[in-house]
Amino acid sequence: MSEDIVEVLITEDAIQKRIAEMGREIATAYENSLPILVGVLKGSALFMADLIRHIAIPLEIDFIAIQSYAGGQQFSGAVRITKDLDSFIEGRDVLLVEGIVDTGMTIGYLRRNLEARQPRSIQLCSLLDKRARRILRVPIGFRGFEIPDRFVVGYGLDFRQLYRNLPYIGVLSDDVTGLSHGR
Ligand code: IMP
Ligand code: MG
């Protein structure tokens, strides 16, 4: 365990078991619809890679990368797309794949942006749900784990671009973040 991690919240084993279940649920939900899974970079990269190996139906993947505008102290919800999809999603069944939903502002923005392209359907799959901090109501069709209001890293999630390579979800020490709840 990295010494910056004060607690392992979700073990590698638990993550992998849950992802296998989610993959089966998604396969059932999207049978015969050739869904397109849209990963939100970079946090969802590991999750996406493991998840699709458990979805035993034909599917496509694509990625979108975003940057949040930090409008002062309070996140404004304004998001800039830094890498757009390669695919056209009009008439398609889209499954957005996220690592974590916190306030819901980021995914809320993305969802509206993608809805404007008139897909047939759009649902959200998130490995983690930090529900206590939700500002915007966002329905999560497929959810891995609900977690408490703590800053977590690992399995794709970062603090200042680090720790994404940890195979588990851990709580980062306040000594590292320098905050009680850092971004
Ligand atoms: P939201 O817009 O508040 O839902 O924030 C979503 C984004 O904030 C996520 O996609 C993450 O990039 C980041 N984030 C929120 N909570 C955490 C956390 O505990 N660890 C790492 N990143 C987080
Ligand atoms: Mg981040």
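The values are calculated or read from the model by the stated rules, or taken from the named source; none is laboratory data. The structure presented is a predicted model; accordingly, all values stated were derived computationally and were not measured. Heads up, the Cβs are rebuilt from the backbone with ideal geometry, glycines too, and the neighbour counts pull from every protein chain shown. Note: areas computed on protein heavy atoms with side chains; ligands, DNA, RNA excluded. Shrake-Rupley method; radii C 1.70, N 1.55, O 1.52, S 1.80 Å.
Given 0.36 nm per residue, what is the gain on full extension from R117 to K17 after removing their alpha carbon distance, in nm? Could you put the intermediate results ahead of the total?
Working: separation 100, 0.36 × 100 = 36.00 nm, distance 3.42 nm.
Contour length minus Cα-Cα distance gives 32.6 nm.
Check the straight Cα-Cα distances from K42 and name the aspartates and glutamates below 15 Å, setting aside those fewer than 8 residues away within the same chain.
Within the straight-line cut-off, K42 pairs with D50, D62, D84, E98, D158.
Per residue of the chain, what 222 nm ellipticity follows from adding -39500 (n - 2.57) for every DSSP H run with n ≥ 4, rounded to the nearest 500?
Details: 4 runs with 41 residues, N = 183.
Rounded to the nearest 500, the figure is -6500 deg cm²/dmol.
Leaving out ligands and nucleic acids, and using a 1.4 Å probe, what accessible area per residue does the chain come to in Å²? Write out the running numbers ahead of the final one.
Working: 9430 Å² over 183 residues.
Result: 52 Å² per residue.
What share of the DSSP beta bridges in the chain is antiparallel, in percent to the nearest 5?
Details: 12 of 34 bridges.
DSSP beta bridges in the chain are roughly 35 percent antiparallel.
For the stretch 104-115, what does the Karplus curve 6.51 cos²θ - 1.76 cosθ + 1.60, with θ = phi - 60°, yield as ³J(HN,Hα) per residue in whole Hz, taken in order and with x for Gly and Pro?
Calculated HN-Hα couplings, in order: x, 5, 5, 5, x, 5, 4, 4, 4, 4, 6, 4 Hz.
Please report, as a whole percent, how much of the solvent-accessible surface of the stretch 12-148 comes from carbon and sulfur atoms (probe radius 1.4 Å). Before the final figure, lay out each step's value.
Numbers: 3450 of 6930 Å².
Carbon with sulfur: 50 percent of the solvent-accessible area.
Step through the residues of the stretch 11-27 one at a time and calculate ³J(HN,Hα) from phi using the Karplus curve (6.51 cos²θ - 1.76 cosθ + 1.60, θ = phi - 60°), rounding each to whole Hz and writing x for Gly and Pro.
Rounded to whole hertz, the list is 6, 4, 4, 5, 4, 5, 5, 5, 5, 4, 5, 4, x, 5, 4, 5, 4.
Given charges of +1 on the Cβ of Lys and Arg and -1 on the Cβ of Asp and Glu, with all other atoms neutral, how large is the dipole of the chain about its Cα centre, in debye to the nearest 20? Don't skip to the answer; put the middle values down first.
Details: 22 positive and 24 negative charges, 116 e Å.
The calculated dipole for the chain is roughly 560 debye.
Taking amide H atoms as placed 1.01 Å from N in the peptide plane, list the residues 5 or more away in sequence, or in a different chain, whose amide H sits under 5 Å from that of I135.
Residues meeting the amide H criterion: G104, M105.
Multiply the residue gap between S173 and A27 by 0.36 nm, knock off their C-alpha separation, and tell me the result in nm, one decimal place. Before the final figure, lay out each step's value.
Numbers: separation 146, 0.36 × 146 = 52.56 nm, distance 3.75 nm.
Answer, rounded to one decimal: 48.8 nm.
Please go through the stretch 18-118 and write out the trypsin sites (Lys or Arg not before Pro) that DSSP classes as loop and that have at most 12 other C-beta atoms within 10 Å. Could you put the intermediate results ahead of the total?
Numbers: sites: R18, R24, K42, R53, R80, K83, R92, R111, R112, R117; in loops: K42, R53, R92, R117.
Taking the stretch 18-118 and a limit of 12 other Cβ atoms within 10 Å, the loop trypsin sites (Lys or Arg not before Pro) found are R53.
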